[in-house]
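Each remark here refers to the structure printed beneath this line.
The values are calculated or read from the model by the stated rules, or taken from the named source; none is laboratory data. Because the structure is predicted, anything quoted here is derived from the model rather than measured. Positions of Cβ are generated from backbone atoms using ideal geometry, with glycine treated the same way; all protein chains shown enter the neighbour counts.
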Amino acid sequence: MAQEAPIGPGPVKYAIFGCGTNGYNIILELAREHERVIVADRDETRVRHLRDQKFEAYQRDITSSDMLAGLPQFDIAFVMTGDGDANLAAVLTIKKRLPSVQVVARSVDPVNGQKLTAAGADSVIYPQEVVARQAVLQVKKQHASRISQRLFSLLAGWEGTLGIITHNNPDPDAIASAVALAEIARAANPKTLATRIFYDGTIGHQENRTFVNLLDIKMEHLTPEALSQCSHLAMVDCPGPGSNNDVPPQTRIDIVIDHHRDGKHPAAGGSFSDIRPGAGSTASILTQYLQELDVPVDKRVATALLYGIRTDTREFRRNVTPQDLGYAGFLLPLTDAGLLDKIMSPSMSQETLDVIGTAITKRRIQSGYLFANVGYVMNRDALPQAADILITLEGVNTALVYGITDTAIVISARNRDVRLHIGNALSEAFGEMGDAGGHPNMAAATLPLHYFGKVEDKARLLEIVIEPVLRKFRDLVGLENEGKKNGSP
Ligand SMILES: [Mn+2]
């Protein structure tokens with residue numbers, strides 16, 4: 001037989017040791033995928049039956065040390081009998097004779113599992129656990145299909161205007177989710193239900209503005225009149241009225257779809273609520289609805305949703321689940337790649353450029369900590385962009401960029417020192433003064449000015465108050481004493 005060029009390992013071949021119910025199901029699964037499988041079992045009748053079914057079966061006692069003799073070469077072994085000691089013996093034999101073979105072994109109990117691992121098994125499975133996981137997955141899928149249907153029929157029965165509310169200063173996840181919900185409403189009820197999308201605050205970040213403009217997403221400022229014009233209200237990417245939005249707390253919200261795990265869930269009193277703290281983004285949940293409902297997804301919606309999932313999971317690196325990846329895979333062929341590219345590399349606004357420039361010139365570095373005062377900013381979203389750039393400087397492990405808006409002192413932090421959880425540090429240092437927290441490597445704080453908001457010269461105000469404010473942080477990370485020794489940075 002002609003030899004193929006040696007560009008990789010040969011064709012993967014599986015060997016199953018022990019062909020009870022579990023082993024047999026693995027054979028069937030592999031056969032479905034047209035994989036070549038060999039089977040070894042102690043039971044002569046069983047081996048005969050397998051051969052009758054055209055499987056390559058061998059009679060072997062897997063506890064015997066020469067059980068591999070005469071078997072063709074294989075790359076992956078499943079050791080699947082219900083006898084823990086026999087499985088252990090087989091793993092030892094395989095690993096001793098064929099150390100490069102990958103071994104998956106069935107364990108009968110946790111102690112047996114540990115022994116199998118110690119014997120060299122590459123993975124150990126408990127069939128009960130596999131069944132449990134599969135059952136949960138299946139039930140979740142069914143549940144998703146059921147609630148999607150419920151949402152659809154709910155929307156189909158409504159008349160008037162559905163107001164879809166995002167959280168304040170909406171991010172792509174919130175915006176994409178709103179767009180997708182509007183799409184589902186249109187599909188469910190094209191005749192009697194209109195939709196409007198509302199937000200409060202600003203759509204700040206460059207990319208977010210580009211995103212809204214390029215995808216031609218119509219969003220309106222949330223006002224009391226606008227609210228009163230809606231017959232129904234929905235909230236996406238935030239858990240209820242008054243929580244990261246300016247909707248009065250007693251307002252009835254008919255639909256709530258969110259994924260935040262830290263969110264308190266104010267009673268929305270509505271008819272539909274789907275809050276999944278496990279999901280990487282709200283856009284993932286909406287994608288699942290579209291999928292389950294077979295609602296056609298146009299380029300615009302697909303591009304928005306994919307962008308929402310990507311940004312909320314920080315390019316699939318944060319809180320991402322296999323499901324999120326699955327939805328991304330579903331959306332990808334439906335998106336407009338050129339559009340996505342344009343969103344990802346928008347031209348920077350003059351203010352953002354200025355803020356980054358100021359941050360670079362005003363930076364002070366002490367023991368790997370960088371501090372940069374950017375003064376008065378209209379748009380706080382320039383800060384994280386500046387921090388993203390400054391953290392890449394050599395010798396900088398942690399970067400704090402701070403500035404002042406009309407209403408608050410704002411701090412944006414980035415960190416690559418694994419010993420420091422910057423979210424916790426900010427929350428500990430500034431939590432009492434305002435809103436502060438985040439992740440191990442990125443965090444932010446907003447310290448409201450309250451009546452100092454009336455001060456005209458904001459940059460001057462910041463200069464006066466920032467040192468005592470920052471001292472708490474410097475104390476916390478152990479920079480304060482060092483500062484006194486070496487003179488303030
Ligand atoms: Mn989100």
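For (1) modelled with pLDDT of 90 or more; (2) more than 23 Å from Ser273 (Cα to Cα), each residue gets a yes or a no:
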position: Asp85; (1), (2): yes, yes
position: Lys95; (1), (2): yes, yes
position: Ala105; (1), (2): yes, yes
position: Val136; (1), (2): no, no
position: Gln142; (1), (2): no, no
position: Leu151; (1), (2): yes, no
> So is Arg276 of a type in the set (D, E, K, R), buried (at least 18 other Cβ atoms within 10 Å of the Cβ) and without any contact (Cβ under 8 Å) to a residue 24 or more places away in the chain or not?
Replying inline: yes
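Filter the strands (runs of 3 or more DSSP E) completely within region 184-261 down to those with at least 2 residues that are without any contact (Cβ under 8 Å) to a residue 60 or more places away in the chain.
On the way: elements: 193-199, 232-236, 255-258.
Fully inside region 184-261 and qualifying: 193-199, 255-258.
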> Pairs, please: C-beta under 7 Å, at least 6 apart or cross-chain, first residue free of Cβ contacts under 8 Å to residues at least 24 places away in the same chain and in region 151-180, second more than 12 Å from the ligand (Cβ to nearest atom)?
Replying inline: none
> Inside region 373-393, can you point out the residues that are over 29 Å from the mean Cα position of the chain (by Cα) and either surrounded by fewer than 19 Cβ atoms within 10 Å (Cβ to Cβ) or part of a loop (DSSP other than H, G, I, E, B) (or both)?
Replying inline: Gly375, Tyr376, Val377, Met378
> How many residues are assigned to a loop (DSSP other than H, G, I, E, B), away from the ligand (no atom under 13 Å from the Cβ) and under 25 Å from Met219 (Cβ atoms) if we restrict to region 277-318?
Replying inline: 5
> Since Thr321 meets every condition but one in (1) over 15 Å from Gln206 (Cβ atoms); (2) among the β-branched types (Val, Ile, Thr); (3) away from the ligand (no atom under 16 Å from the Cβ), which condition does it not meet?
Replying inline: (3)
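Here's a check for you: in region 417-459, which residue that is of a type in the set (Lys, Arg) and over 24 Å from Leu479 (Cβ atoms) is modelled with the highest pLDDT?
At the first step, the residues of region 417-459 found to be of a type in the set (Lys, Arg) are 419, 454, 458.
Checking which are over 24 Å from Leu479 (Cβ atoms) leaves us with 454, 458.
Numbers: Lys454: 88, Lys458: 91.
Result: Lys458.
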> Which members of region 50-98 meet the condition of being part of a strand (DSSP E or B) and aromatic (Phe, Trp, Tyr)?
Replying inline: Tyr58, Phe78
> Can you tell me which residues in region 60-79 are surrounded by fewer than 15 Cβ atoms within 10 Å (Cβ to Cβ) and either closer than 13 Å to Gly23 by Cβ or in contact with a helix residue (DSSP H, G or I) (Cβ under 7 Å, 6 or more places away or on another chain) (or both)?
Replying inline: Ser65
> Can you name the residue in region 226-246 that is surrounded by fewer than 23 Cβ atoms within 10 Å (Cβ to Cβ) and at pLDDT 90 or above and, of all such residues, is nearest to the ligand (Cβ to nearest atom)?
Replying inline: Leu233
> Quick one: Asn169 ticks every box in (1) part of a loop (DSSP other than H, G, I, E, B); (2) within 16 Å of the ligand (Cβ to nearest atom); (3) of a type outside the set (A, V, I, L, M); (4) surrounded by 22 or more Cβ atoms within 10 Å (Cβ to Cβ) bar one, so which box is it?
Replying inline: (4)
> Which residues, taken from region 172-198, are under 16 Å from Ser271 (Cα atoms) and more than 16 Å from the ligand (Cβ to nearest atom)?
Replying inline: Ala185
